[in-house]
Amino acid sequence: MSSVFIGRHFAEALTEGLRRAAPFHGAPRRTGPAPVRRPTPASALLREHAESILHEFATALPLSLDRPDGPDRHLCSAFLARARHALETAADPLPAEPPPRGPAREPGLTPHQELIAATLLIECAARRLPAGPPGEEAVRALGRAIRGHADHWTQASPDGIKDT
């Protein structure tokens, strides 16, 4: 008889405990406006210096591609789009809207070219951002943004041609 009594009390206590803990297991409910998103020093620096970083990227790109026939306008455009996307992602790591599903690669860039874009962008950011901890953190934020999309940066090209 006592085991039924203990079992019933245990079940009631367990139910009560789970009921009290339930709000902590779900997503928090917000009834008011969304919280104000404050930029980090790194994201503020990346936004402030984005155009100078992209300018240096565009200037250095033809030398990095080492094409005997000169830079291809469409290819350079794809490189710049990739660099701009990475900078925007690093400057705003928590966008108001979720990014679209699917590959983030720019059309026309091979995996090798994606690697060139990533490393050249980090080099340009390191040269253009101010020295010291805030600039270093901004370069790390850019690296995290690139690594966060690393699987998209190294996929085979859409037409199935792999870089050699």
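We did not get these values from a lab; they are worked out from the coordinates using the rules stated. Every value quoted in this text rests on a predicted model; they were computed, and no experiment measured them. All Cβ positions, glycine included, derive from the backbone under ideal geometry; neighbour counts span all protein chains shown.
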(request) Measure off 7 Å from each Cα along the Cα-to-Cβ vector at GLU48 and HIS9, then give the distance between these two points in nanometres to one decimal. (result) 6.5 nm
(message) Per 0.36 nm of contour for each residue apart, how much would the distance between ALA81 and ARG127 grow if the chain were fully extended, relative to their Cα-Cα spacing?
(response) 14.6 nm
